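A quick write-up on the structure given underneath.
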């Protein structure tokens, strides 16, 4: 009989200790500030860590159209449209599409690139109302947005779908380098 009372006492104290932890955690949630008080999201961007894998950054001016990033992608969400370059050797990148409804942000497309033209960026917000808004053509985005100097937003993606030709063609001067030279 004594053993039964000891087991009962052990069970009651164990449950009480567990409930004390639960109660303490529940009360702690009321003491902290809400997420919207800590991060004023639309006005002030949420800070991300240095190695955060957000939406890609792509440099059209250095891409050689080798398709290594598309081959390395495990979910086949990268589509490269290219044509033979009229000015010498190589290819002209006419379209570099990434379907973010498929992309799992694994960064396996970054490593095989021989010219380092694709990186994982820090942007995390590309809200849209249709799946078509999740398909981003980096060859038709303005270079500042594609390279990550300006934010990737739904209106820029929608505007890029109206453009027929890529924003930069090999053999033309690089507008980003010209702007840097003017500032220096």
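For the chain, the mean residue ellipticity at 222 nm estimated from helices alone is -9500 deg cm²/dmol, where every DSSP H run of n ≥ 4 contributes -39500 (n - 2.57) and the total is divided by all residues, rounded to the nearest 500.
With Cα atoms defining each centre, the range 1-47 and the range 111-163 are spaced 42 Å apart in the structure. Here the Gaussian network model covers the chain, with springs between Cα atoms less than 10 Å apart; of 33, 24, 149, 24 fluctuates the most.
Approximating the spin labels as points 7 Å out from Cα along Cα→Cβ, the residue 131-to-residue 10 distance works out to 5.7 nm. Annotation: the residues 91, 55, 96, sorted from fewest to most other C-beta atoms within 10 Å of their own C-beta, follow the order 91, 55, 96. Taking the number of Cβ atoms within 10 Å of each Cβ as an exposure proxy, the fewest-first ranking of 119, 105, 58 is 105, 119, 58.
Gain on full extension, evaluated as 0.36 nm per residue between residue 149 and residue 27 minus their Cα-Cα distance, stands at 39.6 nm.
Simple spin-label estimate for residue 44 and residue 62 gives 3.4 nm between the two label positions (7 Å along the Cα-to-Cβ direction from each Cα). This ranking places 77, 106 by how few other beta-carbon atoms lie within 10 Å of each, fewest first, which gives 106, 77. Taking 7 Å steps out from each Cα toward its Cβ at residue 89 and residue 72 produces label points 2.2 nm apart. A convex hull fitted to the Cα coordinates of the range 56-183 yields 112 cubic angstrom per residue.
Every number in this text was worked out from the coordinates using simple rules, so none of it is lab data. Remember, predicted model here, so these are calculated numbers, not experimental data. Cβ atoms come from the backbone with ideal geometry, glycine included; neighbour counts cover every protein chain shown.
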